[in-house]
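Got a structure for you, questions after.
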Amino acid sequence: MNLVKVGKRLGTGALVAAAVLAPTAAHAIDAPYAQAAAIVLKDGTLHFDKNIESVRRVGTGRYCVKVDRVVDVTNKTPVQATARTGARAISAFNWKSPVCNSEDNTVIVYTYNLEGHGADSDFYLTIP
């Protein structure tokens, strides 16, 4: 076997390994009437998004959603959050929360079980 063939095989293997090990990015979400939108999984993974920079799960049932600068998230901007799983209540606030290190352009989302205790949950977030 010559060295060129070995090099090609190793290069191909490295590319396949890199593709398998690389973290997957969130997919674009089709939300034509929203400035920003997201589908977030209960572990804080951003599954689908539009104009969302990042999501962090900061505690049981607490998530910080960093919105892209193209969207002005102020306390005058409406925010809609909906739990994707049954038996969950949800609240979302667009103010500088100490829970999210008082970061600009961040929405804090709280998810609860029916007893009112923090509980992780998948959720939808929309900023019209």
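The values are calculated or read from the model by the stated rules, or taken from the named source; none is laboratory data. Just so it is clear, the structure is predicted and the values come from calculations on it, not from any experiment. Virtual Cβ from ideal backbone geometry, glycine too; neighbours counted across all protein chains shown.
Determine, yes or no, whether Arg9 is surrounded by 10 or more Cβ atoms within 10 Å (Cβ to Cβ), among the charged types (D, E, K, R) and at pLDDT below 80. Spell out how you get there, then give the answer.
On the way: surrounded by 10 or more Cβ atoms within 10 Å (Cβ to Cβ): yes; among the charged types (D, E, K, R): yes; at pLDDT below 80: yes.
Judged against the criteria, Arg9 is a match.
Yes or no: Ser121 more than 14 Å from Arg56 (Cβ to Cβ) and of a type outside the set (Phe, Trp, Tyr)?
Criteria met by Ser121.
The rows are residues; the columns are (1) in contact with a strand residue (DSSP E or B) (Cβ under 8 Å, 6 or more places away or on another chain); (2) modelled with pLDDT under 95; (3) not in a strand (DSSP E or B).
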position	(1), (2), (3)
Thr74	no, yes, yes
Thr77	yes, yes, yes
Thr82	yes, no, no
Gly86	no, yes, yes
Asp104	no, yes, yes
Ile108	yes, no, no
Tyr112	yes, no, no
Ser121	yes, no, yes
Tyr124	yes, no, no
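Hey, could you check the stretch 83-108 for residues that are within 10 Å of Val73 (Cβ to Cβ) and β-branched (Val, Ile, Thr) and say which is surrounded by the most Cβ atoms within 10 Å (Cβ to Cβ)?
Val107
Next up: When you scan the stretch 57-70, how many residues do you find that are crowded, with 16+ Cβ neighbours inside 10 Å and either free of Cβ contacts under 8 Å to residues at least 40 places away in the same chain or of a type in the set (D, E, K, R) (or both)?
So the answer is 3.
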